[in-house]
1. Say we look at the stretch A:20-52 and pick out the residues that are assigned to a loop (DSSP other than H, G, I, E, B) and touching a helix residue (DSSP H, G or I) at 6+ places or on another chain (Cβ under 8 Å); which of these is farthest from A:Asp92 (Cα to Cα)?
2. Need a quick list: helices (runs of 4 or more DSSP H) entirely within the stretch B:63-125 having at least 1 residues that are surrounded by fewer than 19 Cβ atoms within 10 Å (Cβ to Cβ).
3. Take residues that are at the interface with chain A (Cβ under 9 Å from one of its Cβ atoms) and either of a type in the set (Val, Ile, Thr) or closer than 17 Å to A:Ser213 by Cα (or both) and tell me which of the helices (runs of 4 or more DSSP H) falling wholly in the stretch B:131-223 contain 1 or more.
4. Tell me which of these B:Pro96 doesn't satisfy, since it passes every other one: (1) more than 10 Å from chain A (Cβ to nearest Cβ); (2) under 22 Å from B:Val185 (Cα atoms); (3) in contact with a Gly (Cβ under 7 Å, 6 or more places away or on another chain).
5. Quick one: in the stretch B:62-83, which of the residues that are within 14 Å of another protein chain (Cβ to nearest Cβ) and within 18 Å of B:Asp47 (Cβ to Cβ) is farthest from the chain's Cα centre (by Cα)?
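Taken together, the values in this text are just the output of simple stated rules run on the coordinates, not laboratory data. Keep in mind it's a predicted model, so treat the numbers as computed, not measured. Cβ placement follows ideal geometry from the backbone for every residue including glycine, while neighbour counts extend to all protein chains displayed.
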Protein chains: 2
Amino acid sequence: MSQRKNNRAEPPESGEVPRAVVSRLSLYLRELQHLVAEGTHTISSGDLGERLNFTDAQVRKDLAYFGHFGYPGIGYRADELIAAIRKILGTDRVWPVAMIGIGNLGRALLGYKGFSRQGFDIVAAFDTDPTKIGIVVEGIQVRDIVTLAEAVRQHHIRLGMIAVPAAAAQNVADMLVGAGIEGIVNFAPVTIALPPHVSLLGVDLAIELEQISFDVVNRQRKS
Amino acid sequence: MSQRKNNRAEPPESGEVPRAVVSRLSLYLRELQHLVAEGTHTISSGDLGERLNFTDAQVRKDLAYFGHFGYPGIGYRADELIAAIRKILGTDRVWPVAMIGIGNLGRALLGYKGFSRQGFDIVAAFDTDPTKIGIVVEGIQVRDIVTLAEAVRQHHIRLGMIAVPAAAAQNVADMLVGAGIEGIVNFAPVTIALPPHVSLLGVDLAIELEQISFDVVNRQRKS
């Protein structure tokens, strides 16, 4: 769960896609990928919605922002819709990503299989700790953060992930912006500020637990 | 970003709060906590919305599910609204949580400061690896998973987090259910199935990157 700021002072354009729709695209994509892995190749909006606890109208409305994808009497062709959603999300290509901060969370993220599966390739890792610089974690050699701009140019890196202590996060974000990074996912438990041309998403892992505690408490109240 | 299944076959009740509203409550709570930390004690729905890129109507509509919180000419009293949201989310108490899987991600989660700040206290950690059982990580001694049910009773644990390899996740989830856990946050990159009385939220860390790549691609298309 995450908190997105699009870093714009002006209101969103009228034709802009609501961010909730974009986040549901990711959920549709995962479910379609599961379906294909299970050997299912077509699915109705109703069945796709049901697997995610959305209505069929919600599924159809979300996808209608981007075009017409279903076939009468067939539903969606899973492979086709997967390709369409990946194109919309921009993950029809591979994005080279920089990882900053090689503590426990950084190491966990370097080893997380879900990134490369969706088109994100962590190609460079950085830290400031001399005892970490030079070591190889999950096949990637940790570099000194002073070499960030050089590595960004060399590997055509456009996205960065921050997993440094809260106190260092803004500094690291500024360095990423200075190096020409276009989007940042921040795992540090602190709000950072970026110029308007850089996309930012802050990840707050406690939000998942809050959703679950709401469910548990709400179930009690109902029963 | 996460994929929630409420594990129900029947459609949601008409009076039920949409899950998108519940997830926005968490965002409002964080922003209010930041405000108080900055020394601000009242805020209008417009200003609160603006900080999160929501409209003031959205903020008012979301909160109206749960009561009337604003004061004419003043706006929301931050401390009061924080307390109200915590009560709604069930985080006005401390939840003892079990952590299963003490690899890199499990260690990172054990050290994540954001959980205790929001009312989640990881009181027990489990693994199956004999070289990990007995070691102390972030002040918590790792236990053998066979002692799970005993620890759940002893510490009155109601929520669990899974950070084991994908192949082990369903087994671990079944053990948590058997031990009487009421809600699970699953960080393993695999879909798990639970009985209807247990809440489940699957965390997919790549979704954050997809939202950012959408932003970056979409900005290019517009310009």
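1. Per the criteria, the residue is A:Ser44.
2. The helices (runs of 4 or more DSSP H) meeting that bar are B:78-89, B:113-117.
3. Where helices (runs of 4 or more DSSP H) fall fully within the stretch B:131-223 and carry at least 1 residues being at the interface with chain A (Cβ under 9 Å from one of its Cβ atoms) and either of a type in the set (Val, Ile, Thr) or closer than 17 Å to A:Ser213 by Cα (or both), they are B:206-222.
4. It is condition (3) that B:Pro96 fails.
5. Out of the qualifying residues, it is B:Asp62.
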